Ligand code: ME8
């Protein structure tokens, strides 16, 4: 029996889970379920990344402690994973005692190896990426990965001798060319390491929310050493019982988004080398789900919440869509329309119809009796199963499901050719239906990693006892009794669906009134009263009209340390194109509100000429984020 250990990233708790997080976790679940069905002893780990500046800052904004924030958000992750039938073996939180213990053990080993030293660091730092970047990579004051604004940071810091590991890393990549997958990403990583590695700052004195550096408590561990260690601390590394660690480490695959590849393919192996621990076998950097041409992110206001899709259609449907719609390595665009089309074509039509038609014919003609069939589909079935195995071993879910769907289409053709409905209760009809039932049993096994519920229902309704890939045999269970079920995936009327969606949105808009509270303002205000209003310069980096409104424009505004979404009522006077690139004054600490269903986090200042808004601008260039006092 083999062993298989797979992990997802641990997700930040400064934000609610969205479709991107769901995607990575579903992918990992898909592979974990497959390996369990292959008979491998499988360990599937997920969890949350709860320390660091992002969490500290969000908590401050919400007026709660970072731990309170983590406790609140972690529940949303756990609930979503339950809803999505995620079968993880463990869920690690970096605020757990077991994690701290393990991190300190790794750090101790790195110190013993002479790889940690104290110095001070000054350089461009991106708060969003929690990362310093080399000066040469900064363009227009923006980080090279995402274009977030960077600030110069100087502080005393402990460093890790990453530079010492440049050659060992390159040797390791040469010996393990499939360490990073897809292989195109291996080249990216190799070139990054070849271009030279600088030592890595691993502590902060400016952050308080994290694991303290031993014997120097003003230093807190920088989030990546803390976070990456979760992959072994969850297995008990550093505890009294390292049994799981000894059994499952090294990990077979760290599944991550391509955004965090460098941390996993360069820093993590170097940390492990320094601590004298084995390296993971593969790092897989999957592509992103995009919405409106951009990666989903809260600051761009384009995130998709997976919950309504599960509530309306089931977790099986969402899982199938995400796994099947785009290749794992590349980016894909999410649309409601694409979702419904996929559901109707693949699930309602192909699989749903095949299942209900076959079960109905078996019931009508043979009271559900399934016999041995005539073996006419066996060769094709086993050939496609072989191809499916290959796709799964290559971490290619879309391709694996395409193979199954090509088989489903052959089964539909097989029934059309044999026409069991035209010769009821004959021997030929019986063998054709029984043969198709055996093939559908195999289909249900092959879709089980993607759609555990549908797979279970199909196998049960065919009267077969569930098997795994390991003990699957085409000809076993010679006779069974099937029963009818209603269509597993009812067809969705697209027109009706979108009509209903629109009316739901309209209703939601009606209940969220624009913020037009009428308050008695005092005639004069004290300076303290005025100071309570935080005004800042912000640069508009994106603008688009709010659908169905000729007045409202959705802006993405750069405030130096973060981008914010702000809705402004200036759309009658200004087109979005005219607004992009301008730096204007904004009220920065206005209570968040929703305008026509769109979240707004601040307010642009504007004058008023004959009832028309006119925006204000500075006479000189003012950096985004400058305070206005
Ligand atoms: O980076 N499409 O956490 P995170 C697809 N805590 N996947 C997406 C996505 C999108 N639009 N957006 C996010 C962190 N993801 C660190 C990780 S690991 C030791 C520490 C997925 O909450 C993708 O897998 O920002 C990405 O790597 C992960 O969420 C980042 O989650």
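The values are calculated or read from the model by the stated rules, or taken from the named source; none is laboratory data. Because the structure is a prediction, the values reported are computed rather than measured. A quick note on method: Cβ atoms are made from the backbone with ideal geometry, for glycine too, and the neighbour counts reach across all protein chains shown.
Mind listing whichever residues of region 531-546 are part of a loop (DSSP other than H, G, I, E, B) and in contact with a strand residue (DSSP E or B) (Cβ under 9 Å, 6 or more places away or on another chain)? Full working, then the answer.
Step one: of region 531-546, the residues part of a loop (DSSP other than H, G, I, E, B) are 532-534, 546.
Once the filter is applied, which keeps residues that are part of a loop (DSSP other than H, G, I, E, B) and in contact with a strand residue (DSSP E or B) (Cβ under 9 Å, 6 or more places away or on another chain), region 531-546 yields 533, 534, 546.
Of the residues 374, 316, which is touching a helix residue (DSSP H, G or I) at 6+ places or on another chain (Cβ under 6 Å), closer than 18 Å to residue 440 by Cα and modelled with pLDDT of 95 or more? Lay out the reasoning, then the answer.
Numbers: 374 fails: modelled with pLDDT of 95 or more.
Sole residue among the options that is touching a helix residue (DSSP H, G or I) at 6+ places or on another chain (Cβ under 6 Å), closer than 18 Å to residue 440 by Cα and modelled with pLDDT of 95 or more: 316.
Go through region 555-583 and report how many residues are more than 24 Å from residue 126 (Cβ to Cβ) and touching a strand residue (DSSP E or B) at 6+ places or on another chain (Cβ under 6 Å).
In the first step, residues of region 555-583 are kept if they are more than 24 Å from residue 126 (Cβ to Cβ); the result is 567-579.
Checking which are touching a strand residue (DSSP E or B) at 6+ places or on another chain (Cβ under 6 Å) leaves us with 567-568, 570-571, 573, 576, 579.
Count: 7.
What residue, of 10, 6, is more than 9 Å from the ligand (Cβ to nearest atom) and at pLDDT 95 or above? Don't jump to the end; show me each part of the working.
Details: 10 fails: more than 9 Å from the ligand (Cβ to nearest atom).
Answer to the check: 6.
Which residues, taken from region 229-247, are more than 15 Å from residue 97 (Cβ to Cβ) and surrounded by fewer than 24 Cβ atoms within 10 Å (Cβ to Cβ)?
Scanning region 229-247 gives 242, 243, 244, 245, 246, 247.
Could you tell me whether residue 85 is out of contact with any strand residue (DSSP E or B) (no Cβ under 8 Å at 6 or more places or on another chain), near the ligand (Cβ under 10 Å from one of its atoms) and over 30 Å from residue 161 (Cα atoms)? Let's see the steps before the verdict.
On the way: out of contact with any strand residue (DSSP E or B) (no Cβ under 8 Å at 6 or more places or on another chain): yes; near the ligand (Cβ under 10 Å from one of its atoms): no; over 30 Å from residue 161 (Cα atoms): yes.
Against the criterion (out of contact with any strand residue (DSSP E or B) (no Cβ under 8 Å at 6 or more places or on another chain), near the ligand (Cβ under 10 Å from one of its atoms) and over 30 Å from residue 161 (Cα atoms)), residue 85 does not qualify.
Every residue, every condition in (1) in a loop (DSSP other than H, G, I, E, B); (2) in contact with a strand residue (DSSP E or B) (Cβ under 8 Å, 6 or more places away or on another chain), yes or no:
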position: 106; (1), (2): no, no
position: 114; (1), (2): yes, no
position: 118; (1), (2): no, yes
position: 123; (1), (2): no, yes
position: 155; (1), (2): no, yes
position: 158; (1), (2): no, yes
position: 169; (1), (2): no, no
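Exactly one condition in (1) within 16 Å of the ligand (Cβ to nearest atom); (2) modelled with pLDDT of 95 or more; (3) assigned to a loop (DSSP other than H, G, I, E, B) is false for residue 15; which is it?
The single condition residue 15 does not satisfy is (2).
Report yes if residue 194 is within 16 Å of the ligand (Cβ to nearest atom), surrounded by fewer than 17 Cβ atoms within 10 Å (Cβ to Cβ) and within 30 Å of residue 122 (Cβ to Cβ), otherwise no.
Numbers: within 16 Å of the ligand (Cβ to nearest atom): no; surrounded by fewer than 17 Cβ atoms within 10 Å (Cβ to Cβ): yes; within 30 Å of residue 122 (Cβ to Cβ): yes.
Spelling it out, it is not the case that residue 194 is within 16 Å of the ligand (Cβ to nearest atom), surrounded by fewer than 17 Cβ atoms within 10 Å (Cβ to Cβ) and within 30 Å of residue 122 (Cβ to Cβ).
Does residue 184 qualify as being outside any loop (DSSP other than H, G, I, E, B) and closer than 29 Å to residue 300 by Cα?
yes
Suppose the filter is free of Cβ contacts under 8 Å to residues at least 40 places away in the same chain, more than 13 Å from the ligand (Cβ to nearest atom) and under 27 Å from the mean Cα position of the chain (by Cα); does residue 245 pass it? It would help to see each step written out before you state the result.
On the way: free of Cβ contacts under 8 Å to residues at least 40 places away in the same chain: yes; more than 13 Å from the ligand (Cβ to nearest atom): yes; under 27 Å from the mean Cα position of the chain (by Cα): yes.
In short, yes.
Here is a list: 40, 90, 29. Which entry is modelled with pLDDT of 95 or more, over 23 Å from residue 128 (Cβ atoms) and within 14 Å of the ligand (Cβ to nearest atom)? Reasoning before the result, please.
Working: 40 fails: within 14 Å of the ligand (Cβ to nearest atom); 90 fails: within 14 Å of the ligand (Cβ to nearest atom).
Only one candidate qualifies: 29.
Among the residues of region 290-309, is any more than 9 Å from the ligand (Cβ to nearest atom), assigned to a strand (DSSP E or B), in contact (Cβ under 8 Å) with a residue 12 or more places away in the chain and surrounded by 21 or more Cβ atoms within 10 Å (Cβ to Cβ)?
No; the residues of region 290-309 include none that is more than 9 Å from the ligand (Cβ to nearest atom), assigned to a strand (DSSP E or B), in contact (Cβ under 8 Å) with a residue 12 or more places away in the chain and surrounded by 21 or more Cβ atoms within 10 Å (Cβ to Cβ).
Out of curiosity, is residue 391 touching a helix residue (DSSP H, G or I) at 6+ places or on another chain (Cβ under 6 Å) and closer than 28 Å to residue 468 by Cβ? Lay out the reasoning, then the answer.
Details: touching a helix residue (DSSP H, G or I) at 6+ places or on another chain (Cβ under 6 Å): yes; closer than 28 Å to residue 468 by Cβ: yes.
Against the criterion (touching a helix residue (DSSP H, G or I) at 6+ places or on another chain (Cβ under 6 Å) and closer than 28 Å to residue 468 by Cβ), residue 391 qualifies.
Can you name the condition, by its number, that residue 55 falls short on among (1) surrounded by fewer than 24 Cβ atoms within 10 Å (Cβ to Cβ); (2) in a helix (DSSP H, G or I); (3) within 11 Å of the ligand (Cβ to nearest atom); (4) over 14 Å from the mean Cα position of the chain (by Cα)?
Answer for residue 55: the failing condition is (1).
Residue check, residue 271 against (1) surrounded by fewer than 18 Cβ atoms within 10 Å (Cβ to Cβ); (2) within 12 Å of the ligand (Cβ to nearest atom), all met but one. Which one?
Among (1) surrounded by fewer than 18 Cβ atoms within 10 Å (Cβ to Cβ); (2) within 12 Å of the ligand (Cβ to nearest atom), residue 271 violates only (1).
Just to be sure before I move on: is residue 322 buried (at least 20 other Cβ atoms within 10 Å of the Cβ), within 14 Å of the ligand (Cβ to nearest atom) and either at pLDDT 95 or above or assigned to a helix (DSSP H, G or I) (or both) in the structure I sent? Please lay out each step first, then the result.
Values: buried (at least 20 other Cβ atoms within 10 Å of the Cβ): yes; within 14 Å of the ligand (Cβ to nearest atom): yes; either at pLDDT 95 or above or assigned to a helix (DSSP H, G or I) (or both): yes.
Yes: the conditions hold for residue 322.
With the requirement that a residue be surrounded by 14 or more Cβ atoms within 10 Å (Cβ to Cβ) and without any contact (Cβ under 8 Å) to a residue 60 or more places away in the chain, what does region 354-388 give you?
357, 376, 380, 384, 387, 388
Which one is surrounded by the fewest Cβ atoms within 10 Å (Cβ to Cβ) among residues in region 446-465 that are in contact with a helix residue (DSSP H, G or I) (Cβ under 7 Å, 6 or more places away or on another chain) and not in a helix (DSSP H, G or I)?
That would be 464.
I'm checking my understanding of the structure. Among residues of region 551-590 that are in a loop (DSSP other than H, G, I, E, B) and without any contact (Cβ under 8 Å) to a residue 40 or more places away in the chain, which one is surrounded by the fewest Cβ atoms within 10 Å (Cβ to Cβ)? Before the answer, list the steps.
Residues of region 551-590 in a loop (DSSP other than H, G, I, E, B): 551-552, 559-562, 569-575, 580-582, 588-590.
With the extra rule that they be without any contact (Cβ under 8 Å) to a residue 40 or more places away in the chain, the set shrinks to 551, 571, 575, 590.
On the way: 551: 17, 571: 21, 575: 11, 590: 15.
It comes out as 575.
Could you tell me whether residue 283 is more than 9 Å from the ligand (Cβ to nearest atom), outside any helix (DSSP H, G or I) and either over 30 Å from residue 498 (Cα atoms) or at pLDDT 95 or above (or both)? Give the steps one after another, and end with the answer.
Values: more than 9 Å from the ligand (Cβ to nearest atom): yes; outside any helix (DSSP H, G or I): yes; either over 30 Å from residue 498 (Cα atoms) or at pLDDT 95 or above (or both): yes.
Yes.
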